[in-house]
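Notes follow the structure.
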Amino acid sequence: MTDTYMDHFTSYAHDIQWRLKKAEEETFDQLTQLIPMSNEHKIDLADRLHALRFRCCSESFALGVELGLRLATEFPVK
């Protein structure tokens, strides 16, 4: 990753990614305490929550790229 992209990730995405991961962990802990389930089902639930977070992050990334491209066409670099 170039320094520019790393700076953008740090500025815009890092905190959001961290909060989403913590929210996922808290949700998982709450669900496993409220709903009795086997270890196999706990693993399945964790996998599904991770897949959901991955999908949301991918969609967010795609929206960011789209916005960046739109801005680039509106304000061309000279």
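Which residue, HIS41, GLN30, GLY64, has the largest displacement toward the positive end of the dipole of the chain when charges sit on each Cβ (Lys, Arg +1; Asp, Glu -1)?
Checking the options against the dipole of the chain, the answer is GLY64.
Provide, for q = 0.22, 0.26 Å⁻¹, the log10 of I(q)/I(0) from a solvent-free Debye sum over equal Cα point scatterers in the chain.
Each listed q corresponds, in turn, to -1.04, -1.22.
Using 0.36 nm per residue of separation minus the Cα-Cα distance, give me the extension gain between GLU26 and TYR5 in nm, one decimal.
Taking 0.36 nm per residue and subtracting the Cα distance, the gain is 4.6 nm.
Dipole of the chain (Lys/Arg Cβ +1, Asp/Glu Cβ -1, origin at the Cα centre): which of THR73, HIS14, THR4 lies farthest to the positive side?
THR73
Per residue, how many Å² of accessible area does the chain show with a 1.4 Å probe?
Accessible surface, normalised per residue, equals 91 Å².
Within region 1-42, name every residue whose backbone N is under 12 Å away from a label modeled 7 Å from Cα of ALA62 along the Cβ vector.
none
The values are calculated or read from the model by the stated rules, or taken from the named source; none is laboratory data. Since we're looking at a predicted model, the values are computed, not measured. Don't worry about glycine lacking a Cβ; one is built from the backbone with ideal geometry, like all the others, and counts go over all protein chains shown. Side chains included, ligands, DNA and RNA excluded: accessible areas come from the protein's heavy atoms. Shrake-Rupley method; radii C 1.70, N 1.55, O 1.52, S 1.80 Å.
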